[in-house]
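Here's the structure we're looking at; comments come further down.
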Amino acid sequence: MSDFPALSIGMLLFPQLTQLDLTGPFEVFARAPGAKIHLIWKTSDPVTSDRGMRILPTHTFENCPELDVICIPGGPGQIKLMSDDETLTFIRHKSENARLVTSVCTGSLVLGAAGLLQGYKATSHWASLDQLTLLGAEPVNKRVVRDRNRITGAGVTSGIDFALNVIADIYGNDIAQGIQLQMEYDPEPPFLSGSPRVASAKHVEQAKKNMASFIETRRLATAAAGLKLPKG
């Protein structure tokens, strides 16, 4: 294990993020040999997720070290980030020298708002996947999408699949498979309803109805962010 170089992985914290977007990949990354995980926000104050979990940052924007991997999770708080110049500037700056620029769920919309997905294929949560076009990206309906040094994961639970792909990219398949075994990541969901591809029409329509107002709010924020991006 000592043969592996230290790896600096930065994961963005922000109010009203979906904690599993962050903690799923964190669990994978933290098991990689030599990896140092940095939880980053504007201040050192605890950050509250959309379901009430409080998470403590380890670094602020000001004292964040250089990053080999930057990862942006998603969640309802992503909407405010779309017009948060301080956060978008930080993401752009840290992405310049990162080996991999990554996201989970609607974190890809934040990468897009920062201008980092123009001309790239990417994915996001199924209910917001189409919004990537407003940011110059090409939506791909897959659980994990790789385009050059951009790796994006789809909704929430895909963060574990996403992170295993990141580890395989950096350390090789053998290390990634060992981590998967340590975590006993061998999912057998009780229902075949985890994606619009397999869920019943009734459940899909109900989910769309329940989310319609929120998705429209997100779409407006995405469209506004897209208008700020350089054209051509």
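A few comments on the model shown:
- For the chain, built as a Gaussian network whose Cα springs stay under 10 Å, the top-fluctuating residue of 27, 216, 184: 184
- Segment residue 148-residue 92, extension gain: residue separation times 0.36 nm, minus the distance between their alpha carbons: 18.5 nm
- Extension gain, residue 36 back to residue 216 (0.36 nm per residue minus Cα-Cα distance, nm): 61.1 nm
- The residues 83, 124, sorted by heavy-atom accessible surface at 1.4 Å with ligands and nucleic acids left out, run 83, 124 from largest to smallest.
- Most mobile of 186, 130, 169 in a GNM of the chain (Cα contacts under 10 Å): 186
- Solvent-accessible area of residue 64 with every protein chain in place, 1.4 Å probe, in Å² to the nearest 10: 10
- Extreme residue, positive dipole direction of the range 64-186, given options 105, 73, 115 (C-beta unit charges): 115
- Filter on 42/209; 94/209; 36/208; 208/228 - keep pairs with C-alpha separation over 31 Å: 42/209; 94/209; 36/208
- Averaging Cα coordinates gives a centre for the range 94-121 and one for the range 169-204; these two points are 23 Å apart.
- Net length gained if the chain between residue 227 and residue 50 were fully extended (0.36 nm per residue, minus Cα distance): 61.0 nm
- Looking at the range 38-121, the GluC sites (Glu not before Pro) that sit in a DSSP loop and have at most 12 other Cβ atoms within 10 Å of their own Cβ are 62, 66, 96.
- Accessible-area composition of the chain, carbon plus sulfur, in percent [1.4 Å probe]: 53
- Taking 47, 166, 156 as the candidate residues, the one with maximal mean-square fluctuation in a Gaussian network model of the chain, Cα springs under 10 Å, is 47.
- Rolling a 1.4 Å probe over the protein heavy atoms gives the chain an accessible area of 50 Å² per residue.
- Gyration tensor (alpha-carbon) shape descriptor, the range 1-110, a/c threshold 1.5: prolate
- Residues whose placed amide H lies under 5 Å from that of residue 8, excluding near-sequence neighbours: 36, 68, 69
The values are calculated or read from the model by the stated rules, or taken from the named source; none is laboratory data. All figures in this text were calculated on a predicted structure; none of them were measured in a lab. Here Cβ is always computed from backbone atoms with ideal geometry, including for glycine, and neighbour counts include all displayed protein chains. For accessibility, only protein heavy atoms count, side chains too; no ligands or nucleic acids. Shrake-Rupley method; radii C 1.70, N 1.55, O 1.52, S 1.80 Å.
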